[in-house]
Amino acid sequence: MHWHYAHNPYIWPMLAAAAFYAALAIYTWWRRSVPGAFQFVFMVVADVPYAIGAAFLMAAADTPTKIFWTKFQILWMMPAVTAELCFLLEYANLNRWLTRRNITLLAVPPLLLALLAVTNNFHHAVWAGFSAGEYVHPVRGWAGWLFSAYGFALATISSGFTIWLFMRSPMHRLPAAVCFCGQLATRITFLLEAVHKNPFAPMDSTAIAMAFTLAMYALALFRFGMFDLLVVARGTMIEQMREGVLVLDRQQHIVDMNPAAANILGLPAESARGGVVQILPESTGLTRLAVPAIGPSKISIGVGTDTRHYEVYTSSLNHRRGFQLGYLILLHDTTEKERVQEQLMEQQRALATLKERDRVGRELHDSLGQVLGYVKMQVQAVRALLAQEQSAQADSYLKQLAAVAQDAHADVREYILGARTGTGSDSDFLPALERYLRRFRETYGIAMELKVSPDLTEASLTPMVRAQLLRIIQEALTNVRKHAQSSGVRITLCVNGGYVEAIVQDDGTGFDPALMQVKGGEKFGLHFMQERAAEVGGSVKILSAPGKGTQVIISVPLEGSWYESNAS
């Protein structure tokens, strides 16, 4: 076959288009890891030989050469339009349709067209011939018309997905509109070519329209961040997150969810899309979401041992131009954390119980043990006096024994009262203290006043700190009963820095603080109070003077302060 060409200035726009396609393909290949990039590269690469074929067609000087390059162009149109459809499916986040089976089926028509084109001389199914003249137009056979209709159908479906993306996602609205403008130019030009109308004669109108289409794609690519790496990175991160993520539109319909959310809710992502957020438990309060919730809410999903606990965070999704796109819901699994905390609480309770038993044993030994020893000695002395018929002195000893027994009985009642008033749960410190003060007033006739600062809440103290603080206050009131000769006590609870400060102030006789140096202050129970406070990182200080009452200042750490200081 002899090739005949003549210089034609119209070949340069076609070659420029081919160079533009190649540059666009190279740039996109560098970023081929982002969604849709590989399909976009394939589409652009398929357009390069088409544009080169158009340039050679412009330069062809005889009919056989023109017919050859026309056939060459036809072979590359089908792969390009197929790649365009795959690209838009990937970009519109509909890649679930791009299965291996579907991609194989989409590859069959281009391969079949190429096979039929190569063997066309035997069956003339693709084209029956070509019209001669300044422009060469194929006379399509039955397969030619069938493949033309198929290619136009694929192009129409691609445009349909672009329109769907424009309507569905405000964030993609501008890129989708730009892409659709380019698609519209190609579709119109293709129809004009089918009826032998060339709006850009003598140049190849399809090549020019394709150049405009790819220019629009490039505008969406570069100007509007179609392949924005940050957007892709965020999407990849969300897909790999252990936390469940749901995206809702403004009507609170589910737009998408990551695999973790699908696993949490027990629903395939495909069936959940488009559904309402009521698939979540109603306890979330999200079914009537009007504005983003402040702070996390908690939900539980499952029954019995299979129950999982989650913190739900809700945020509003707003476009950079200010209008609202929808909502983002994050489900953070706290099941293991709560189980560990519960186990830690159980261990703390068990340890506190053992320590409390040991401490009560020592307190009973130091107080009641000494009393019983004293009673034993006094009884022996009374028996000796009775043997010597010194009844008056023996009666005096018996009166002392009765007083000591009464004090011992009061101590036992105090122990029982304190044990019965222990905190029964993790959040009843103040009610337990109020019950103890009420019973103390009723039992001993001492007026009680309790003042609690508004900024002190139950959550401010750990369970261990609550228990020890209650016991220290009980010990301070025991000292009031035994030694102060007080008619009233004021107890003040407030927050001071990272500590809760409890002040027990009586209006009794007071004493010389130097007496506390005797035996480490055991007479006043200071040793046990300081020991309890030290166990939770606190301290006890006693201020007093004869005739001016006594003030016991107890400092214990707030929630977190003690553990943070220990950890550091």
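Within 10 Å of each residue's Cβ, count the other Cβ atoms and sort 376, 71, 66 from fewest upward.
With the sparsest Cβ surroundings first, the list reads 376, 71, 66.
Highest mean first, what order results for 339-345, 205-211, 546-552 on Cβ atoms within 10 Å?
For the peptides 339-345, 205-211, 546-552, the packing ranking is 205-211, 546-552, 339-345.
If we count other beta carbons within 10 Å of each Cβ, what is the order of 544, 315, fewest first?
315, 544
Using θ = phi - 60° and the Karplus form 6.51 cos²θ - 1.76 cosθ + 1.60, what ³J(HN,Hα) does each residue of the stretch 240-249 get, whole Hz, x for Gly and Pro?
9, 5, 7, 6, x, 10, 10, 10, 10, 7
Which pairs in the list 451/548; 399/451; 355/548; 337/451 are over 31 Å apart, alpha-carbon to alpha-carbon?
Beyond 31 Å between Cα atoms: 399/451; 355/548; 337/451.
If I take all pairs of Cα atoms in the stretch 11-231, what percentage of them are more than 23 Å from each other?
So the pairs more than 23 Å apart make up 46 percent of the total in the stretch 11-231.
What order, most packed first, do the peptides 475-483, 16-24, 493-501, 50-58 have when packing is the mean number of other Cβ atoms within 10 Å of each residue?
Highest mean packing first, the order is 50-58, 475-483, 16-24, 493-501.
Taking the Cβ of each residue in 158, 316, 169 as the centre, tally the other Cβ atoms inside 10 Å and list the residues starting with the fewest.
Placing the least packed residue first, the sequence is 316, 169, 158.
Read the figures in this text as sums done on the coordinates, not as results from a lab. Note that the structure is predicted; figures quoted are calculated from it, not measured. Here Cβ is always computed from backbone atoms with ideal geometry, including for glycine, and neighbour counts include all displayed protein chains.
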